[in-house]
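Values in this text are rule-based calculations from the coordinates and carry no lab data. Quick caveat, the model's predicted, so the values are computed rather than measured. Cβ atoms come from the backbone with ideal geometry, glycine included; neighbour counts cover every protein chain shown.
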Amino acid sequence: MHDSGNAPEAATDSYSGNGPATLTCDQLDIDSKQKIYTAAGHVHFSQGTRTGTADHGTLNRGSGVLQLTGNVKLTDAEQSMTAQDLLYNLNTKDVDVHGAPIVIKQPVATSSAAPATPKPKKRKLPF
């Protein structure tokens, strides 16, 4: 399923303004009245720099909440997180994570300039 980000119902709720989104999976059940998409098997969600993969997922377009369960990996730009279950608010970017282990990776800030190497001091030898 692909959402161009311009769906009529998106213009009136908190989900709007997040850009195009794609949800792929082996099986998808849609409740169009409630705007709920339930995905099973090889679930993959992407929107902008955000991607999420899991065994199962539920996307609530009305609230903008994505729930992923089972072997979850969430990536946003250079940051990533793995867990068993998570709730991810696509609007606020708040994440509620459950399950062990939870692994969070963030980029390490690097300086573009190499640190200066101290020059050895000259000494006069006593002979």
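Can you give the extra length, in nm with one decimal, that the chain gains between Ile30 and His44 once fully stretched, where that is 0.36 nm per residue apart less the Cα-Cα distance?
Result for the pair: 3.4 nm of gain on full extension.
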Exercise. Taking the highest mean first, how do the peptides 77-85, 55-63 order by number of other beta carbon atoms within 10 angstrom per residue?
Worked result: 55-63, 77-85
Seminar exercise, completed: Ranked on Cβ counts within 10 Å of their own Cβ, fewest leading, Tyr37, Tyr88 go Tyr37, Tyr88
For this session: Give the residue from Gly62, Val72, Val97 lying farthest towards the positive end of the charge dipole for region 31-100; charges sit on Cβ (+1 for Lys and Arg, -1 for Asp and Glu) and the dipole is referred to the Cα centre.
Result: Gly62
